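Student: Got a structure here, written out as structure tokens. Questions coming.
The values are calculated or read from the model by the stated rules, or taken from the named source; none is laboratory data. Just so it is clear, the structure is predicted and the values come from calculations on it, not from any experiment. No Cβ is skipped: glycine too gets one built from the backbone with ideal geometry, and neighbour counts run over all protein chains shown. The accessibility values were calculated without ligands, DNA or RNA, using every heavy atom of the protein model including side chains. Shrake-Rupley method; radii C 1.70, N 1.55, O 1.52, S 1.80 Å.
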Amino acid sequence: MASLQNAPSLHRTLFLNSLPQPHSHVHATPTFSCCTRRPSSFLVQASSSEDRPGRREMLAVGLVFPSVSLLSQSSVSFAAETTKGFLSVLDKKDGYKFVYPFGWQEVVIEGQDKVFKDVIEPLESASVTVIPTSKEDIREFGSPQEIGETLIKKVLAPPSQKTKLIEATEREVDGKAYYTIEFVAKAPNYTRHALSTIAIGNGKFYTLTTGANERRWEKMKDKLHTVVESFTIFNA
């Protein structure tokens, strides 16, 4: 059975210290002014074994993930139907929006702003982290490659996992820069193939991460790319 873990002090320390220094033409020091509201890292652990007989029946009666709170779909008042197969999230307070696959459930994890996941496939999830920053543009911290290498090694995967950056790209939406990072994180009993998108706005550093077990990547990759590409921030 999968478990979800959070590490508040780890997340704060890593975001304060791990990002690359800005290029020479940027004179400001790259630090975050973190608070205690959302300090943790979203780490997922899961077995690579297939579902055992009766597992879905156990899920049906609620015997799953006792360490987190599952919210019923009807309670997600900010979710609305969007393109076929997806629901949309609009967070007016923090100023961001994105879509996630229909059927995923919201879970509450301390330190995360939003988390949605598949209760059958524990590595299939989307999580959003928001922390304060004095920067105004993600490019102030360096290139997609530079930030991608740092984040996957020190923030986006547990230290015990072997990580590999596959691709790091930049996109621009309404004049705002977004970095998208594709990577794999290998644990002893599974490999997670993941996508993250990061951006800065409203005095905040936003990170959305989604992914799936490597064995399901080909099936899920189009959906996960849709999640990442839908993430945009707006003035809040």
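Student: Give just the number: which of (1) touching a residue at least 40 places away in the same chain (Cβ under 8 Å); (2) in a strand (DSSP E or B) does E172 not satisfy?
Tutor: Looking at each condition in turn, E172 falls short on (1).
Student: For the stretch 101-112, what are the residues that are open to solvent by less than 10 Å² (accessible area, probe 1.4 Å) and in contact with an Asp or Glu (Cβ under 9 Å, 6 or more places away or on another chain)? Explain how you work it out, then say what you get.
Tutor: Start the filter on the stretch 101-112 by keeping residues that are open to solvent by less than 10 Å² (accessible area, probe 1.4 Å), which leaves 101, 104, 107, 111.
Within the stretch 101-112, P101, W104 qualify.
Student: Please identify the pairs in which a residue from the stretch 88-114 that is under 19 Å from G201 (Cα atoms) has its Cβ atom under 7 Å from the Cβ atom of a residue that is open to solvent by 30 Å² or more (accessible area, probe 1.4 Å) and aliphatic (A, V, I, L, M), counting only partners at least 6 apart or on another chain.
Tutor: Filtered contacts from the stretch 88-114: K92/A236; K93/A236; D94/A236; G95/A236; K97/L90.
Student: Return the residues of the stretch 100-120 that are within 11 Å of L208 (Cβ to Cβ) and modelled with pLDDT of 95 or more; say none if nothing qualifies.
Tutor: Result: Y100, D113, K114, V115, F116.
Student: In the stretch 80-99, how many residues are modelled with pLDDT of 95 or more and of a type in the set (V, I, T)? Lay out the reasoning, then the answer.
Tutor: Kept after step one, since they are modelled with pLDDT of 95 or more, are these residues of the stretch 80-99: 86-99.
Next, from what is left, pick out any that are of a type in the set (V, I, T): 89, 99.
Residues in the stretch 80-99 being modelled with pLDDT of 95 or more and of a type in the set (V, I, T): 2 in total.
Student: Which ones in the stretch 113-123 are open to solvent by 10 Å² or more (accessible area, probe 1.4 Å) and part of a strand (DSSP E or B)?
Tutor: Of all residues in the stretch 113-123, those open to solvent by 10 Å² or more (accessible area, probe 1.4 Å) come to 113-114, 118-122.
Result: K114, single match.
Student: Further question: For G203, only one of the following conditions fails: (1) buried (at least 22 other Cβ atoms within 10 Å of the Cβ); (2) farther than 19 Å from E149 by Cβ; (3) among the small types (G, A, S). What is its number?
Tutor: Here G203 clears every test but (1).
Student: Let me ask something else. Only residues that are touching a Phe, Trp or Tyr at 6+ places or on another chain (Cβ under 8 Å), outside any helix (DSSP H, G or I) and either open to solvent by less than 30 Å² (accessible area, probe 1.4 Å) or aliphatic (A, V, I, L, M) (or both): list them for the stretch 211-235, please.
Tutor: Of everything in the stretch 211-235, those that are touching a Phe, Trp or Tyr at 6+ places or on another chain (Cβ under 8 Å), outside any helix (DSSP H, G or I) and either open to solvent by less than 30 Å² (accessible area, probe 1.4 Å) or aliphatic (A, V, I, L, M) (or both) turn out to be N213, F231, T232, I233.
Student: Are there any pairs with C-beta distances below 7 angstrom linking a residue in the stretch 152-164 that is open to solvent by 30 Å² or more (accessible area, probe 1.4 Å) to a residue that is at pLDDT below 90, with the two at least 6 apart or on different chains, and if so which?
Tutor: K154/L14; K154/S18
Student: Filter the stretch 173-200 down to the residues that are surrounded by fewer than 19 Cβ atoms within 10 Å (Cβ to Cβ) and closer than 20 Å to Q145 by Cα and list them by number.
Tutor: V173, K176, A177, K186
Student: So, one more: From the list G201, G175, G148, G211, which one is more than 15 Å from the chain's Cα centre (by Cα), modelled with pLDDT of 95 or more and small (G, A, S)?
Tutor: Working: G175 fails: modelled with pLDDT of 95 or more; G148 fails: more than 15 Å from the chain's Cα centre (by Cα); G211 fails: more than 15 Å from the chain's Cα centre (by Cα).
Unique residue meeting the criteria: G201.
Student: If I filter the stretch 134-156 for residues that are within 20 Å of V89 (Cα to Cα) and not in a strand (DSSP E or B), do I get at least one hit? It would help to see each step written out before you state the result.
Tutor: The initial filter retains those residues of the stretch 134-156 that are within 20 Å of V89 (Cα to Cα), namely none.
So far as the stretch 134-156 goes, no, none of its residues is within 20 Å of V89 (Cα to Cα) and not in a strand (DSSP E or B).
Student: Within the stretch 144-178, work out how many residues are among the aromatic types (F, W, Y) and at positive phi.
Tutor: So in the stretch 144-178, the residues among the aromatic types (F, W, Y) come out as 178.
Keeping just the survivors that are at positive phi gives none.
Going through the stretch 144-178 one residue at a time, the tally reaches 0.
Student: Does I200 qualify as being in contact with a Pro (Cβ under 9 Å, 6 or more places away or on another chain) and not charged (D, E, K, R)? Give the steps one after another, and end with the answer.
Tutor: Working: in contact with a Pro (Cβ under 9 Å, 6 or more places away or on another chain): no; not charged (D, E, K, R): yes.
No: the conditions fail for I200.
Student: Let me ask another. L208 passes all but one of (1) crowded, with 21+ Cβ neighbours inside 10 Å; (2) on the phi > 0 side of the Ramachandran plot; (3) not acidic (D, E); which number fails?
Tutor: Only one criterion is unmet by L208, namely (2).
Student: In the stretch 124-142, is there at least one residue being open to solvent by 30 Å² or more (accessible area, probe 1.4 Å) and at positive phi? I'd like the intermediate steps shown before the answer.
Tutor: Step one: filter the stretch 124-142 for residues open to solvent by 30 Å² or more (accessible area, probe 1.4 Å), giving 132, 134, 136-137, 139-140.
Okay, now just the ones that are also at positive phi, so none.
No, the stretch 124-142 has no match at all.
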